[in-house]
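Quick notes on the structure that follows.
The values are calculated or read from the model by the stated rules, or taken from the named source; none is laboratory data. Source: prediction; values computed, not measured. Cβ coordinates were reconstructed from backbone atoms using ideal geometry, including for glycine residues, and neighbour counts include every protein chain displayed.
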């Protein structure tokens with residue numbers, strides 16, 4: 001009698017930013033807020049960003065597929081959800097939320113884990129590939145009016 005043992009094989013690999021560190025996305029908010037929208041409850045939609053957002057990723061040798069799953073996570077706690085946008089408290093004055101679209105998925109509302117993204121031939125070749133998010137939309141909700149500058153943490 002022969003015994004056949006099969007090991008569970010995982011095809012998942014962990015890809016990372018090709019620079020080795022997380023990248024920040026910068027927005028100029030100097031002309032966004034005014035006396036009308038700097039009021040409690042007001043939601044300000046920042047200008048949409050699409051296409052190349054300046055981030056490249058790389059997957060380790062042995063990656064067998066050309067698609068990725070991406071996670072958008074944070075240490076901030078979701079305070080409320082409005083129209084699927086998950087608002088997190090950024091400071092004493094603002095809540096923030098975002099949405100994004102990729103080439104193969106519908107609109108997503110982070111924070112969220114393991115979102116199936118598009119394909120790139122470099123994924124399985126251990127070469128950097130561009131992160132091509134589209135329709136990256138950030139929303140800021142005013143909790144309390146502020147004067148001058150307000151710091152938004154990373």
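General remarks:
- Flag for residue 118 being surrounded by fewer than 17 Cβ atoms within 10 Å (Cβ to Cβ) and farther than 23 Å from residue 45 by Cβ: no
- Entirely in the stretch 89-154, the strands (runs of 3 or more DSSP E) that have 2 or more residues that are over 17 Å from residue 57 (Cβ atoms) and touching a residue at least 12 places away in the same chain (Cβ under 8 Å): 94-101, 134-142
- Qualifying residue in the stretch 28-44 (condition: farther than 21 Å from residue 145 by Cα and part of a loop (DSSP other than H, G, I, E, B)): no
- Among the candidates 68, 63, the residue that is in contact with a helix residue (DSSP H, G or I) (Cβ under 8 Å, 6 or more places away or on another chain), surrounded by 12 or more Cβ atoms within 10 Å (Cβ to Cβ) and in a strand (DSSP E or B) is uniquely 68.
- Members of the stretch 119-147 found to be over 14 Å from residue 55 (Cβ atoms) and under 11 Å from the mean Cα position of the chain (by Cα), listed by number: 137, 138
- So residue 69, is it more than 18 Å from residue 135 (Cβ to Cβ), touching a strand residue (DSSP E or B) at 6+ places or on another chain (Cβ under 8 Å) and modelled with pLDDT under 90: yes
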